[in-house]
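Please read the structure below before turning to the comments.
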There are 8 protein chains.
Amino acid sequence: MDMNKPLVGIVMGSDSDLPVMREASDILDELGVPWEMLISSAHRAPEKTANYARQAAGRGLAVIIAGAGGAAHLAGVIAGHTPLPVIGVPIASGALNGVDALYATVQMPPGIPVATVAINGAKNAGILAAQVVSAGLPEVRDKIIDYKEKMARQVDEKSTRLHE
Amino acid sequence: MDMNKPLVGIVMGSDSDLPVMREASDILDELGVPWEMLISSAHRAPEKTANYARQAAGRGLAVIIAGAGGAAHLAGVIAGHTPLPVIGVPIASGALNGVDALYATVQMPPGIPVATVAINGAKNAGILAAQVVSAGLPEVRDKIIDYKEKMARQVDEKSTRLHE
Amino acid sequence: MDMNKPLVGIVMGSDSDLPVMREASDILDELGVPWEMLISSAHRAPEKTANYARQAAGRGLAVIIAGAGGAAHLAGVIAGHTPLPVIGVPIASGALNGVDALYATVQMPPGIPVATVAINGAKNAGILAAQVVSAGLPEVRDKIIDYKEKMARQVDEKSTRLHE
Amino acid sequence: MDMNKPLVGIVMGSDSDLPVMREASDILDELGVPWEMLISSAHRAPEKTANYARQAAGRGLAVIIAGAGGAAHLAGVIAGHTPLPVIGVPIASGALNGVDALYATVQMPPGIPVATVAINGAKNAGILAAQVVSAGLPEVRDKIIDYKEKMARQVDEKSTRLHE
Amino acid sequence: MDMNKPLVGIVMGSDSDLPVMREASDILDELGVPWEMLISSAHRAPEKTANYARQAAGRGLAVIIAGAGGAAHLAGVIAGHTPLPVIGVPIASGALNGVDALYATVQMPPGIPVATVAINGAKNAGILAAQVVSAGLPEVRDKIIDYKEKMARQVDEKSTRLHE
Amino acid sequence: MDMNKPLVGIVMGSDSDLPVMREASDILDELGVPWEMLISSAHRAPEKTANYARQAAGRGLAVIIAGAGGAAHLAGVIAGHTPLPVIGVPIASGALNGVDALYATVQMPPGIPVATVAINGAKNAGILAAQVVSAGLPEVRDKIIDYKEKMARQVDEKSTRLHE
Amino acid sequence: MDMNKPLVGIVMGSDSDLPVMREASDILDELGVPWEMLISSAHRAPEKTANYARQAAGRGLAVIIAGAGGAAHLAGVIAGHTPLPVIGVPIASGALNGVDALYATVQMPPGIPVATVAINGAKNAGILAAQVVSAGLPEVRDKIIDYKEKMARQVDEKSTRLHE
Amino acid sequence: MDMNKPLVGIVMGSDSDLPVMREASDILDELGVPWEMLISSAHRAPEKTANYARQAAGRGLAVIIAGAGGAAHLAGVIAGHTPLPVIGVPIASGALNGVDALYATVQMPPGIPVATVAINGAKNAGILAAQVVSAGLPEVRDKIIDYKEKMARQVDEKSTRLHE
């Protein structure tokens, strides 16, 4: 994998999803994985979405993260057009507050998986993407191990502060 | 509208959906509206699905019915590629028994409607398609009126039989 | 169809539904489809509702949009009294936040369809109504096609702005 | 109240609801309350339903029980046309197994109550109807008291049998 | 029935339920039905609750309204101790926002009905209570009929105002 | 604690709950904790239920297990009448398949806890009861430790068998 | 049991859970039961969590309360490592508002119970913990009885104030 | 990656999950990815589970698939102990039919992702695992591309057969 080009494509259905999806790019920065970001839509810009998905592997991407709300078809539609692993982020919006997006993202038919994270779980989507690329990139694997150790230390510190 | 060519396209994601979707074609036959039927998939056959949707209006179709289960993207994906009205039939399957398909079909984002009927409600999808085409076809409108009167009579007959 | 008279009837159960339902009339204006608006109630004004539905086809309407919350019976009751296609907008209100309205609108029995859109999806109800009337009105069909192209461009513009 | 004429009207949307709704008439027989039974439909036979509801009070009925499944509008529509108390029985059917019928029956807007019992709870609808008429009929009140005492005894007997 | 004594007992589990339950007493005032109000709890004051329910019929009450949130046992527990009809108001509170209270109120076992109204539907509980006592009180029946006509007029007025 | 008298009272709302609740008594036998069993009902036999709960602590019981379905009030009502810990088993039945029983059991108001286990989780209710009494009974604690070790061994054996 | 050392361990997944979990320690103070508090995490600090659970019984704890939100594994993981009774508090957070935490806490497999209280029900978790230890501590049992009597009096006072 | 050793570890909570999880190993065989299989349990065999997860990366595994039902903690607990990507399969079982397992698997807290597939979606878990390892294994990538093309052809064939 070429670390000078984006390895992770982050796609979202609307610019209103940006505050949530930014957490994916932030953690990818922290873990040292290059990424690119795009707004597209399975319904409003279907050709753009299909083209992006079809060209992703050839352009050197290793994994795609897609976030959408409501009848969240974006991740599934992308998964239909690429052999790459696709990570879906259901985004909470509207009256059903993300249950619709969760079901529309995770309940994919046999043959076309979408690796689904929690509702609004874009940070975990970023970590998962880093885990996917870390197989061939020992320096990313090391950063993930460091990150996990840092989390354990933070739990300890918070527990200690409880007693001060 | 040309009654010698199909006016309604009925698409389903899998041949296992046929027993449900057949109710749409049966009622269209009863109401005198010509139809065609196709198996396609938003995920497993995305090009086929997109092509069918893009060409539908030009081929003389007036409305498309799409039935799918699980993360039911079929109706929404078709709606992204055509100016025609698209009717979605959420199909009950798997552990969530159609709630996933209902949410994935009905909760479409602003701009791309899917006219959703009840879970497994393919018969009503057929009637709705006939209602859509009936604007320009008085003989279909008349058949719909007859059908409604027949339903009211059947209710009366069943009520009468209760007392025999 | 006579474009000098309303083609779409927009009915809502309460004036508190107006902010949501106004999105239907706004998009119909944008797509050049004449409409009329009415407050009625399946429960509080059942005769008014039945009369409106019974006369709709004769008065030249081509489609009815009905929005209601809670045990949302309005669209279904109207559909019982007219051969026209009826579009239901479940409106979020109260403790169940629209799930009740969605189920009460979409789960209609065989024979009486309601074309259901997303919770609070009045804009899509308007677009769907325009799609229904567009069969006989090429200028509406063209506006729908333009509208879809505009959406695709907007996605592109938002994606471009992401990188500025 | 005239005990020689029906005091309770039992209405159901379809003859497939009869096995459930029969439990209402059975318990009314046991409690000595005369009843009548009817199949009607809020959607398929709206005039019949409205006429029945409008004439119910004048014909001497004291309470109406209405059972329906899916988008269960029957009880609510009847309640719109009568000053009598209306008891709704949500009937389990289809993919949502009665949750749709429960929400469509119980979530009535302010002004038009429906006294809702459990999903498929027709027996309790019958008891509730008897409780309603029992205010003016001491012999029914006594039978309800007897019935409650019998239930308590049956619990005792079952508990005793546990240890045999 | 003696109109100089309360005919309807309104019980609630906590004084935090008062803003909701006040709607029941307000509409009973409007419909001319005397009532009394009490705070009790199926869990925190079980003896008080049982005593109140056991004495209600003897004290001349004709119907009891009980409102509670969460695991809302109040209406069901009261119904276990009285032959009177009991109306349950599920109150929205906490993380489940009233779905828990709805299920805990409406899903009563065979033999012990609770006439359940909508979540937070205390106004309808009051109307239902008035409908129950109206059998023997023609002046209450007349007020209910007036109330329904007033609602229909209000719908008309709101619809007219739409066009001003 | 006197091991010659029952330490755990197992109460259920109906003899139809016996096949589920028997798992509680079976595991208590295995863990060497004496128990007694009773059918009672919060609604059909409210006095019996209240009396049993009020006398439980004085009779030497240390914990009560209560199983019920639907609007499952039994555990909560018992908890209102005793200072003992009460374990609730929501039992799956009817159209909602135990979600109603779960909510009606677990969502207790502040002040009156019910220790809720999984839907139909009577075996775990028995283990939990044994854990409660084990504080003062080292031989029960030892049996619980043995039981946990046995479970771990069984997992190992099943895993090994996978490869045979 | 040694009242000079903590008898109840209160564990939470994050310091953001502290406002909820503090209600458990507050009521334990009121009931005179010594406790200790800890932040740990089944996922971010798995070794710390396992060690705490494994040593709890030996250190003299009698019961553990664990609170967590989302995919709330904390109580279940602790229960896997200790023979002590474990009380789980599902904490409302994120888009699913605690339904996820409730299911992830209560639906434990046979063999490993978690005594689950209401969503955010930490106060009841504290009372339940006191009930568990009260078997061997008559002074705690007495405080629980006093607490229940105080609740009943408070209901009476609130009901009286209603009429002032 | 060493194709002579397992690259994918498949773990399940119980041998009753084997019929579902076998679909993961079957598709991995078809895609030419070596795997190993294990029964373990987050609750009944916590040490075994932790040890397996801690050693997985060192033993050369590239991804772990974990399937469990109910309060499905297995995937999350494994993810807490390894830097490898973990794929979770919620398994339908018991009264909630997999909704509990879905929520308990997907709603992981920030920092510890689980790549969740559909309820019972073990086949997709296998494909996703293959997609993860395919980055460094062009022959697996090719097989995935072939597999997708085969699916598209099968859709075509089924559609053709419809018309025979």
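The values are calculated or read from the model by the stated rules, or taken from the named source; none is laboratory data. All values derive from a computational prediction rather than experimental measurement. When we count neighbours, we look across all protein chains shown, and the Cβ atoms used for this are built from the backbone with ideal geometry, even at glycine. Protein only, heavy atoms only, side chains kept; ligands, DNA and RNA dropped before computing areas. Shrake-Rupley method; radii C 1.70, N 1.55, O 1.52, S 1.80 Å.
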Can you tell me which condition G:ALA152 does not meet? The list is (1) in contact with a Pro (Cβ under 6 Å, 6 or more places away or on another chain); (2) more than 7 Å from chain F (Cβ to nearest Cβ), and all the others hold. (1)
Here are some residues: H:VAL20, H:VAL89. Which one is buried (at least 23 other Cβ atoms within 10 Å of the Cβ) and either out of contact with any Pro (no Cβ under 8 Å at 6 or more places or on another chain) or closer than 20 Å to G:GLY76 by Cα (or both)? H:VAL89
Scan segment C:126-143 residue by residue and report those that are of a type in the set (A, V, I, L, M, F, W, C), more than 7 Å from chain B (Cβ to nearest Cβ) and more than 23 Å from B:LEU31 (Cβ to Cβ). C:ALA130, C:VAL140
Count - residues of segment F:103-116 that are more than 7 Å from chain G (Cβ to nearest Cβ) and open to solvent by less than 10 Å² (accessible area, probe 1.4 Å): 4
Flag if F:LEU96 is buried (at least 20 other Cβ atoms within 10 Å of the Cβ) and farther than 24 Å from G:GLY111 by Cα: yes
Condition (residue is β-branched (Val, Ile, Thr) and in contact (Cβ under 8 Å) with a residue 40 or more places away in the chain) applied to segment C:30-53: is it met by at least one residue? yes
Those residues of segment H:38-67 which are hydrophobic (A, V, I, L, M, F, W, C) and within 11 Å of the chain's Cα centre (by Cα) amount to H:VAL63, H:ILE64, H:ILE65, H:ALA66
Looking at (1) in contact with a Gly (Cβ under 8 Å, 6 or more places away or on another chain); (2) more than 15 Å from F:PRO109 (Cβ to Cβ); (3) within 11 Å of chain G (Cβ to nearest Cβ), find the lone condition where E:LYS48 falls short. (1)
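Restricted to segment F:1-15, and to residues that are among the charged types (D, E, K, R) and in a loop (DSSP other than H, G, I, E, B), which residue is most open to solvent (accessible area, probe 1.4 Å)?
Ranking the candidates gives F:LYS5 first.
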Checking E:VAL89 against (1) β-branched (Val, Ile, Thr); (2) free of Cβ contacts under 8 Å to residues at least 40 places away in the same chain; (3) touching a Gly at 6+ places or on another chain (Cβ under 6 Å), only one condition comes out false. Which one? (2)
Going through (1) open to solvent by 10 Å² or more (accessible area, probe 1.4 Å); (2) within 14 Å of chain F (Cβ to nearest Cβ) one by one, G:ALA53 fails only at (1)
Tally the residues that are touching a Lys or Arg at 6+ places or on another chain (Cβ under 8 Å), closer than 24 Å to H:HIS81 by Cα and either β-branched (Val, Ile, Thr) or within 11 Å of chain F (Cβ to nearest Cβ) (or both), restricting the search to segment H:14-35. 2
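Find the residue count for segment H:135-164, including only residues that are touching a residue at least 60 places away in the same chain (Cβ under 8 Å) and among the charged types (D, E, K, R).
Qualifying residue count for the region: 2.
Which is surrounded by fewer than 24 Cβ atoms within 10 Å (Cβ to Cβ), touching a Pro at 6+ places or on another chain (Cβ under 9 Å) and modelled with pLDDT of 95 or more, of G:ILE119, G:ILE145?
Numbers: G:ILE119 fails: surrounded by fewer than 24 Cβ atoms within 10 Å (Cβ to Cβ).
Only one candidate qualifies: G:ILE145.
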Using the structure shown, decide if H:LEU38 is facing another protein chain (nearest Cβ under 8 Å) and within 21 Å of A:GLN131 (Cβ to Cβ). yes
Tell me, yes or no, whether segment D:66-75 has at least one residue that is open to solvent by 10 Å² or more (accessible area, probe 1.4 Å) and either among the acidic types (Asp, Glu) or closer than 26 Å to D:ASP146 by Cβ (or both). no
Could you grab the pairs with beta carbons closer than 8 Å, sequence gap of 6+ or different chains, first residue in segment E:100-127 and free of Cβ contacts under 8 Å to residues at least 12 places away in the same chain and over 20 Å from D:ASP100 (Cβ atoms), second one open to solvent by 10 Å² or more (accessible area, probe 1.4 Å) and part of a strand (DSSP E or B)? E:PRO109/F:GLY69
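On the basis of being open to solvent by 10 Å² or more (accessible area, probe 1.4 Å), under 30 Å from D:GLU36 (Cα atoms) and either hydrophobic (A, V, I, L, M, F, W, C) or more than 13 Å from the chain's Cα centre (by Cα) (or both), does B:LYS158 make the cut?
Values: open to solvent by 10 Å² or more (accessible area, probe 1.4 Å): yes; under 30 Å from D:GLU36 (Cα atoms): yes; either hydrophobic (A, V, I, L, M, F, W, C) or more than 13 Å from the chain's Cα centre (by Cα) (or both): yes.
Against the criterion (open to solvent by 10 Å² or more (accessible area, probe 1.4 Å), under 30 Å from D:GLU36 (Cα atoms) and either hydrophobic (A, V, I, L, M, F, W, C) or more than 13 Å from the chain's Cα centre (by Cα) (or both)), B:LYS158 qualifies.
Take residues that are hydroxyl-bearing (Ser, Thr, Tyr) and tell me which of the helices (runs of 4 or more DSSP H) falling wholly in segment G:16-98 contain 2 or more.
On the way: elements: G:18-30, G:46-56, G:74-80.
Correct list: G:46-56.
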Is there any pair with a first residue in segment G:8-20 that is within 17 Å of G:ALA71 (Cβ to Cβ) and in contact (Cβ under 8 Å) with a residue 60 or more places away in the chain and a second that is charged (D, E, K, R) and not in a strand (DSSP E or B) whose Cβ atoms are under 9 Å apart and which are 6 or more apart or on different chains, and what are they? G:GLY13/G:ARG44
